[in-house]
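The values are calculated or read from the model by the stated rules, or taken from the named source; none is laboratory data. Please read all numbers here as calculations on a predicted model, not as lab measurements. As a convention, Cβ positions derive from the backbone with ideal geometry for all residues, glycine included, and neighbour counts pool all protein chains shown. Quick note on the areas: whole protein, heavy atoms, side chains included, nothing else; ligands and nucleic acids left out. Shrake-Rupley method; radii C 1.70, N 1.55, O 1.52, S 1.80 Å.
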Amino acid sequence: MSERDLHLGLMFWATGTHAAGWRHPDAAADAAYDIGLIQEVSREAERAKFDFVFLGDRLASDPALQHSNPAQISRLEPYSTAMAIAAATSHIGVVVTANPTYSDPYSIARLLASLDHLSDGRAAWNLVTGADPAAAHNFGRDAHWNTSRRYDWAEETLRVVGALWDSAPEPDGSGARRIEHRGEFFSVDGPLDVARPPQGHVVVFNAGTSDRARELGARSADVVFAGPQPTLAARREYYADIKARAARYGRADHVAVLPGLTPIVAPTTAEAVALHDRLNALLVLDPEQEIGDIVRAGGIGEGHRRNLTSASEVFGVDVRGNDLAAAVPADTLAAVSEEGARRLAEITRLTRRTVDGPDRITYGDLVHATPAQLSHTVVGNPEEVADMIQEWFEEGVADGFNIYPAYVPGAVTAFTELVVPLLQQRGLFRKEYGGRTLRDHLGMAVPKR
Amino acid sequence: MTGPVLVYQLPEELLAGPAAGIVAAAGQAEDAGVHALLLGDRPAARPGRAAPPAAVVTASMLAVRTRRIGLVVDAAPAYCEPYNLARMLASLDHISGGRAGWRMAAGPDPEADANHHREDYDPAGAREARTVEFPPLLRDLWDTWEDGAFVHEKDTGRFIDPDRVHVLDHVGPTLQVRGPLNLARPPQGHPVMLAPAGEPLLAAEADVLVTGAPERAVAADRPLLGTVTPFVAETAERARELHAAAGAPPSDEGNAVLTGDPVQVAGQLAAWADRTPLDGFVLRLPLPGSAEAFTDLVLPELRAAGHCSGAPGAGTLREQLGLARPANRIAARLATAGAKRS
Ligand SMILES: Cc1cc2nc3c(=O)[nH]c(=O)nc-3n(C[C@H](O)[C@H](O)[C@H](O)COP(=O)(O)O)c2cc1C
């Protein structure tokens, strides 16, 4: 094993993280409410010695996203789902996304401590401040708070939650003390009623994009869950920045940076490319709009639709009215914008199709490269996928990955059976769990009171 | 239904202990034909001892470790947001295959209040108004998705039927919630709601009423359960010792204390079941061994007298309680509005 340990999480989205993943023949179309399947996928990740199963969350539903992002519409609530997973597994961690903007510190501290007890020390909290402006209306507020207010509130929440975990009694009832917190936003007496979590503090993840998010992650999180970056340089910058900020708090070795990664993997490269093409072919495209219309990429702000009008805007060339299966003429592709050129390189990386053949980039490829990508995607055979993981791990970009299965359960099986054994053979990833708690897996000590 | 409805309120000492003990107790109750477990929940410290985990979390564990027993959790509107509680109860109902219930806790609790002050919220402030506004709002949230709204048509790519999902736009005296909720309608339509019979505003919304003093129980138009704290042992003398060691708690308005040997306790319960309007009992099991004692000693007596089937129940909690699955209120309102227009 190398000095650093690679960490792997499984991002569970019932529809798969590919917007048409649920339509794949190997996908369960209604996995969101099938707790047996959710448990089985988690056991599969546990057999592969993953660090954790990750449950994202949103506090709103947007039925308008059924084609562009069906995972945003609905899901089981994460605390109860995490508990149901923990009850069916013995080692794997369970990460609950909880947004403090719409809760209070006592409830968060108590629910997470409860999960940590009943999972014997396997709970984590993914702190997000909320991507959905629509959530405000479900909680009696007129508008989504701005970044500084959300993070002021989140930081005080974190302080109170930590103090509550430290205020809690031991299981025998001894050692509890009041916290008498009187802050800007909260007034909380404590102590926590539930015993102190077995992990002392439940592991904290943070996912955000702003400067405030980076700062909160560096100062207070154990794991920073990173979004996609457009270039290698940007990934390097992000990783180095989190580590440098953490170093200022004396925590450089205490923060793991884990980006999301969608692996489209099959025994051969050709099969993987075909799988990727097949998933994209299952997408229902958005209706065309007028050039220049602002459209919502639902729940995640404004963005681009999946159609030729939006592709024209993004690539800077008019490709409207063309047959999606047709190859784009080289002179059209030569005229694309700088951003368009960057995306053409991405298309080639994923599809192996190029500007000048023999397999040429199609209009459909432009459409699929148009909406914002949820995570970095890699398409390839097991060696190619393992190479990419090793490269990022060894070259200062990632301490591990939150694996996004494009569809469930098939894509989970493909990754655990085809790629994980290679990572293990290369000495990058554990063959057995070294401990039982999530802190053990992450190599993090239990904090003192 | 054979005999009275039996609900076990498991003792805090057991619930605060190892998961394996909780699962074992739940399994024994299920096998013995107990209809539901009630998991108390109070977000405030207990002097000198650790409290059990949050009820919704324990219930979720039990949902996947049992198969038929109902799982009722306490939750107080004062300490949660309606959108959050609606999804937790709905999730529990999905995970358990339709076995979730909610007992509304309403009383003032200054110690819990002191843990939940936010800049924009004082739990004591609008307690009553909020508590009354909560239950119908949860029912409406559960109804924002009609049954069958998730169509999952792989061949066409249609994931949902947008005509069967509704914005709620609830604007009430203390709560504003737009909706829709972010999950499918629960298997039971609505998880079963329990409320104290003595609180008219809550009782009006409840599916099941819970009362104290069995002798004074008043017949209701829905299932009525009496709350009983049993101190039972093989001999009446040993039962009296247990009762005394526990500080000899007396019966009060909300709760009848019953002390005796198995025949005495079973006889009294059977008599109440026969002679009062009660449809069953919430058995507040006071001591760590109380669940086992009741199951091993009292249930066989009730069974012998034809007051307990002795076999695990089947179906959803609603079905076990003889309650109908509620129609979708929002769909009904829209249909009425549509009919008026045309
Ligand atoms: C990788 C990643 C995962 C995220 N997951 C969630 C999530 O599950 N739920 C959510 O409400 N927000 C999620 N967010 C959004 C954050 O909450 C955040 O609000 C958003 O990225 C805007 O950034 P900011 O909070 O730094 O302004 C995620 C963000 C990233 C980068």
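A few remarks follow.
- Residues that are open to solvent by less than 10 Å² (accessible area, probe 1.4 Å) and either within 8 Å of chain B (Cβ to nearest Cβ) or farther than 21 Å from B:ALA55 by Cβ (or both) within the range A:81-92 comprise A:THR81, A:MET83, A:ALA84, A:ALA86, A:ILE92, listed in sequence order.
- Test result for B:LEU194, more than 9 Å from chain A (Cβ to nearest Cβ) and either assigned to a loop (DSSP other than H, G, I, E, B) or open to solvent by less than 60 Å² (accessible area, probe 1.4 Å) (or both): yes
- Any chance B:ASP31 is touching a helix residue (DSSP H, G or I) at 6+ places or on another chain (Cβ under 6 Å) and open to solvent by 10 Å² or more (accessible area, probe 1.4 Å): no
- For the criterion of being in contact with a His (Cβ under 9 Å, 6 or more places away or on another chain), open to solvent by less than 50 Å² (accessible area, probe 1.4 Å) and not polar (S, T, N, Q), B:PRO326 passes.
- Options A:ASP62, A:ASP30, A:ASP26; residue that is surrounded by fewer than 24 Cβ atoms within 10 Å (Cβ to Cβ), within 18 Å of B:SER96 (Cα to Cα) and assigned by TED's automatic domain parsing to the domain that holds A:TYR151: A:ASP30
- Scanning the range B:34-75 for residues that are facing chain A (nearest Cβ under 7 Å), closer than 20 Å to B:GLU292 by Cα and open to solvent by 10 Å² or more (accessible area, probe 1.4 Å) yields one hit, B:ARG65.
- Within the range A:40-54, residues that are modelled with pLDDT of 95 or more have Cβ atoms under 6 Å from residues that are outside any helix (DSSP H, G or I) and of a type in the set (Gly, Ala, Ser) in these pairs: A:ASP51/A:GLY9; A:ASP51/A:GLY93; A:PHE52/A:GLY9; A:PHE52/A:GLY93; A:PHE54/A:GLY9, counting only partners at least 6 apart in sequence or on another chain.
- Only a single criterion out of (1) over 23 Å from A:GLU184 (Cα atoms); (2) among the charged types (D, E, K, R); (3) modelled with pLDDT under 95 is not satisfied by A:ASP120, namely (3).
- For the range A:17-36, the tally of residues that are within 12 Å of chain B (Cβ to nearest Cβ) and touching a residue at least 24 places away in the same chain (Cβ under 8 Å) stands at 13.
- Residue check for B:THR156: of a type in the set (S, T, N, Q) and surrounded by 23 or more Cβ atoms within 10 Å (Cβ to Cβ): no
- One residue stands out among those in the range A:100-124 that are more than 7 Å from chain B (Cβ to nearest Cβ) and over 18 Å from A:ALA163 (Cα atoms): the one that is farthest from the chain's Cα centre (by Cα), which is A:ASP120.
- The one condition in (1) within 24 Å of A:HIS117 (Cα to Cα); (2) more than 9 Å from chain A (Cβ to nearest Cβ); (3) buried (at least 24 other Cβ atoms within 10 Å of the Cβ); (4) not hydroxyl-bearing (Ser, Thr, Tyr) that B:ALA78 fails to fulfil: (1)
- Filter result for the condition that a residue is modelled with pLDDT of 95 or more and either in contact with a His (Cβ under 6 Å, 6 or more places away or on another chain) or within 16 Å of the ligand (Cβ to nearest atom) (or both), over A:VAL257, A:VAL265, A:VAL328: A:VAL257
- Just one residue in the set A:ALA163, A:ALA154, A:ALA134, A:ALA218 is open to solvent by 10 Å² or more (accessible area, probe 1.4 Å), among the small types (Gly, Ala, Ser) and within 15 Å of the ligand (Cβ to nearest atom); that residue is A:ALA134.
- Among the candidates A:ALA195, A:ALA176, the residue that is open to solvent by 40 Å² or more (accessible area, probe 1.4 Å) and aliphatic (A, V, I, L, M) is uniquely A:ALA176.
- Hits in the range A:221-254 - residues which are of a type in the set (Val, Ile, Thr) and within 14 Å of the ligand (Cβ to nearest atom): A:VAL223, A:VAL224, A:ILE242
- Some residue of the range B:83-96 being open to solvent by 10 Å² or more (accessible area, probe 1.4 Å), under 17 Å from the mean Cα position of the chain (by Cα), among the hydrophobic types (A, V, I, L, M, F, W, C) and away from chain A (no Cβ under 11 Å): no
- Considering A:GLY175, A:GLY190, A:GLY183, A:GLY208, the condition of being more than 12 Å from chain B (Cβ to nearest Cβ) and either within 12 Å of the ligand (Cβ to nearest atom) or at pLDDT 95 or above (or both) is satisfied by A:GLY208 alone.
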